[in-house]
Amino acid sequence: MKNNYYHENKNEITLFKMAAEQRVPLMLTGPTGCGKTRLVEHMGDVLGREVITISCHDDLTSSDLVGRFMVTGGDVIWSDGPLTKAVKEGAICYMDEVVEARHDSLAVLHSLTDHRRTLYLDRAGETIPAPDTFMLVCSYNPAYRSSLKELKPSFRQRFVTVAIDYLPADREAEVLVNEADISLPVAERLVKCANSIRNADDVFHFEPPSTRVLVTAAKMIASGASELEATEVCVLAPLSSDGAIASGLAELAAAHL
Ligand code: ADP
């Protein structure tokens, strides 16, 4: 199995390459666990660039991104944050779940995401023009119902936005075979089971099972779990703790396994 194997859904690899060539920032949207991170890692391999990942959260400050002065051994020295490192090294900076970050923390990205392509480090008094290989890629899940957070439209319009979704059933099954070394018929049953829950989305109001949970279930099966057992612990149990919903899900799943 190749490390950062990525199975293309539509044209996202081509669009990623075009954005990289034109040095414009890219926004990947789609449900959790559908392959956004894997695509970025894969493109890092394809383009021969390091990927520096920042997992965004609501306590993330602009100093966490760009860096800060630190006291070490009596000296005060500047320490680059991951965004500054990525700019200096001409890497791909991947900001995962960018919607979680506070708007004011993201303001530092403005000069990097327009024609200036420059990072201004006010505190360090430094101005760093981004090399051609620097690329900013952000991702978020717009359908996450329990999230009240939204990205500002003015921020979103700075990006080429590529929507990613779960793969069609036959190709999602291939991903499971590739990632977890299970047989194709077993993979197909897992995907059928997931799709029946995804299609019952109107009834069950939660994030549908992702490719990620299917990969985990497939790995458990590769280690000897039964299909029902793996589905229960990897796919169904993480979805809902409500007993009635859980038994409804179990029935749906059992029909396919
Ligand atoms: P996201 O970043 O969208 O939450 P990930 O990229 O972390 O999701 O995907 C979760 C896992 O699902 C990956 O580690 C990989 O095993 C698998 N996966 C999902 N989509 C694909 C794909 N298109 N090609 C290969 N693997 C995939």
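The values are calculated or read from the model by the stated rules, or taken from the named source; none is laboratory data. This one's a predicted model, so the numbers in the text were calculated from it and none came from an experiment. Cβ atoms come from the backbone with ideal geometry, glycine included; neighbour counts cover every protein chain shown. Just the protein is used for accessible areas: all its heavy atoms, side chains included, with ligands, DNA and RNA removed. Shrake-Rupley method; radii C 1.70, N 1.55, O 1.52, S 1.80 Å.
Can you figure out the FRET efficiency of HIS7 with ILE77, using R₀ = 30 Å and their beta-carbon distance, to the nearest 0.05? Computed FRET efficiency for HIS7 and ILE77: 0.10.
Here the chain is assigned +1 on the Cβ of each Lys and Arg and -1 on the Cβ of each Asp and Glu. Its dipole about the Cα centre then comes out at about 680 debye.
Springs join every pair of Cα atoms under 10 Å in this Gaussian network model of the chain, and among MET27, MET220, MET95 the largest mean-square fluctuation is at MET220.
The length gained on full extension between THR127 and LYS152, counted as 0.36 nm times the residue separation minus their Cα-Cα distance, comes to 6.4 nm.
Cross-link reach is defined here as a Cα-Cα straight distance under 30 Å, omitting same-chain residues fewer than 8 places apart; for LYS152 the lysines meeting it are LYS10, LYS17, LYS36, LYS85, LYS88. Among the chymotrypsin sites (Phe, Trp or Tyr not before Pro) in segment 101-152, those placed in a DSSP loop whose Cβ has at most 15 other Cβ atoms within 10 Å are TYR144. Centroid-to-centroid, using Cα positions, segment 23-66 and segment 215-257 are 30 Å apart.
Of the GluC sites (Glu not before Pro) found in segment 63-155, the ones in coil according to DSSP and having at most 14 other Cβ atoms within 10 Å of their Cβ are GLU150.
Across the chain, the relative contact order, built from alpha-carbon pairs under 8 Å that are at least six residues apart, equals 21 percent.
Helix 211-222 and the longest principal axis of the Cα set of the chain meet at an angle near 60°.
Result for the chain in a Gaussian network model with C-alpha springs under 10 Å: among ARG158, ARG198, ARG123, the largest mean-square fluctuation is at ARG123. Between rounded, prolate and oblate, where does segment 40-85 land on the alpha carbon gyration tensor, with a ≥ b ≥ c its root eigenvalues, rounded for a/c under 1.5, else prolate if a/b exceeds b/c? Oblate. Accessible area per residue for the chain is 50 Å², calculated with a 1.4 Å probe on protein heavy atoms, without ligands, DNA or RNA. DSSP assigns beta bridges within the chain; of those with both partners inside it, close to 35 percent run antiparallel. Of all DSSP bridge pairs formed entirely within segment 1-99, close to 55 percent run antiparallel. Among SER63, SER79, the sequence by solvent-accessible area, most first, with a 1.4 Å probe is SER79, SER63. Relative to the longest principal axis of the Cα atoms of the chain, the long axis of helix 36-47 makes an angle of roughly 60 degrees.
Taking amide hydrogens as placed 1.01 Å from N in the peptide plane, the amide H of THR161 sits under 5 Å from those of MET27, each at least 5 positions away in sequence or on another chain.
When a 1.4 Å probe is rolled over the protein heavy atoms, the share of accessible surface on the chain that falls to carbon and sulfur comes to 52 percent. Helical runs (DSSP H, four residues minimum) scored at -39500 (n - 2.57) apiece and divided by the length of the chain put the mean residue ellipticity at 222 nm at -11000 deg cm²/dmol.
Just name one of SER210, ILE77, ALA250: the one whose Cα is farthest towards the positive end of the charge dipole of the chain (beta-carbon charges, Lys/Arg +1, Asp/Glu -1). Value: ILE77. Of HIS57, HIS42, HIS256, the residue with the largest accessible area leads and the full order is HIS57, HIS256, HIS42 (1.4 Å probe).
A dipole drawn for the chain from +1 and -1 charges on Cβ atoms has a positive end, and of ALA107, LEU39, CYS138 the residue lying farthest that way is ALA107. When only the Cβ of Lys, Arg, Asp and Glu is charged (+1, +1, -1, -1), the dipole of segment 92-224 relative to its Cα centre reaches about 260 debye.
Taking a ≥ b ≥ c as the square roots of the eigenvalues of the Cα gyration tensor, segment 133-257 is classed as oblate, since a/c reaches at least 1.5 and a/b does not exceed b/c. In plain terms, the chain from LYS17 to LEU47 could stretch by 10.0 nm, reckoned as 0.36 nm per residue minus the Cα-Cα distance.
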